[in-house]
Each structure stands twice: as C-alpha cells, then as structure tokens.
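Okay, structure first, notes after.
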Amino acid sequence: MTTSSTPTVKVIFVGSSSVGKTCLIGALFHQDFNPQPVPTVAPAFNVVDITQKSGRMITLQVWDTAGQERYSAVNLLFYRDADVACVCYDPGNPEFKESVPAWIKSVLEEVPTCKLFLILTKLDLYDEQKISEFKADANLFKEKFNIEEIFYTSAAAKTGFENLLQAAADTANIAPVMNAVALDAPPQEPKKGCC
C-alpha cells in the first residue's frame, strides 16, 4: 500500500530583536496586533496549507526565531532545512539595517540553497519620502545578495504582506512528492521458488 504526503516548505523569519518579526507573523495568521510583544526566546512555528500557483498543495511551516544575540547558536539549529528565509529589519534604525548582511550570512552558511526575502517592517512609522529612500536601499540589498522578493510591511497597519506566504510557497524548490511505503502495511509473503 502506498500513500502520498503533502510536501512541507520551511519558512524562517530572522532579524535583530525588536524589528517586528513576531508582530508580522501574528498579522500573517490574523492575530490581533500587540504593540508590546514579549521578545521571542525560543523558536516557534505556525502551520498553514497553501496551494502553489501550479495547483500543488503544500504545507508551510512559518518559524519565528529569537533576534537576541545570546540565542544565535540555538537559532542555527532551526535554520536547517529552511527553504525560504525572511530577513526582517526596521529600516529607520541604522543598527538594524547594518545587521542585514550578517543575518543573510548566518542563514546561507547553514542552508546555502535557501531563498531570501527581504522584509522591511514598521513602515507605518515613516512618511512617503523616507519610504522611498528605504526602497532604494532595499533594492541595493536585493542586487548584492540575490534577494528573491522584497516586502514593505506594517503589522500595525496590516499592510504589505498579503502575498508573502503565497510567494514563499511559489519560490521554494520542492522535490516532487514520491509515493512512500506505509510502515504499517502487513509484510508480504516471499515468493516460493521451484525447489
């Protein structure tokens, strides 16, 4: 007896502490916005089934990782097998912007084939002129680091991330689903020979 399984795509959200990863993931999963979230200290994930543009159903695991440096060794364990990394930063904070290359490097050292998304957060706090400057900077990151997609988001305003999960599903390189042998199948009798 054979069964087929739904492939899983692992999406990790990485970035410095306080850039808004947890709030953004909450918004993605229709949770109420919390302006004072508790810092993430242990990775956690949400699961959603989504249909790729090709019509294939997949399961997305969306992981929220800790941004504090003291948890970086633990985070590396959760980077393994990631298909898409969403590198998040608040573009209005120069310290966060400067950390983007280090976050990209840490992901690609663990998973060289991981696709990269750049997520600018908290854009509701800035005017259009500033946002235009941020977009120019983001495009430089895109060229330099081979970023697949850029998202300009605000968890508070619930904008800019509407297509993020679909893009992650469509971007991930997933091997074709193979038929698997069910482990609970009864053993088959060996064929009898002529002797």
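The values are calculated or read from the model by the stated rules, or taken from the named source; none is laboratory data. On a predicted model such as this, the values are computed, not experimentally measured, just so you know. Counting neighbours? That spans all protein chains shown, and the Cβs are built from the backbone with ideal geometry, glycine included.
Annotations for the structure displayed:
- The range 98-116, residues that are over 22 Å from ALA155 (Cα atoms), in contact (Cβ under 8 Å) with a residue 24 or more places away in the chain and not in a helix (DSSP H, G or I): VAL111, THR113, CYS114, LYS115
- If the condition is being touching a Phe, Trp or Tyr at 6+ places or on another chain (Cβ under 6 Å) and without any contact (Cβ under 8 Å) to a residue 60 or more places away in the chain, then the range 117-131 contributes LEU118, LEU120, LEU123.
- Test for LEU60: is it at pLDDT below 95, part of a helix (DSSP H, G or I) and either under 14 Å from LYS21 (Cβ atoms) or in contact with a helix residue (DSSP H, G or I) (Cβ under 7 Å, 6 or more places away or on another chain) (or both): no
- Hits in the range 138-168 (condition: at pLDDT 95 or above and either farther than 20 Å from LYS21 by Cα or among the charged types (D, E, K, R) (or both)): ASN139, LEU140, LYS142, GLU143, LYS144, PHE145, ASN146, GLU148, GLU149
- In the range 117-154, residue surrounded by the most Cβ atoms within 10 Å (Cβ to Cβ) [restricted to those that are among the aliphatic types (A, V, I, L, M) and part of a strand (DSSP E or B)]: LEU120
- Considering the range 84-106, the residues that are aliphatic (A, V, I, L, M) and buried (at least 22 other Cβ atoms within 10 Å of the Cβ) include one that is farthest from the chain's Cα centre (by Cα), namely VAL100.
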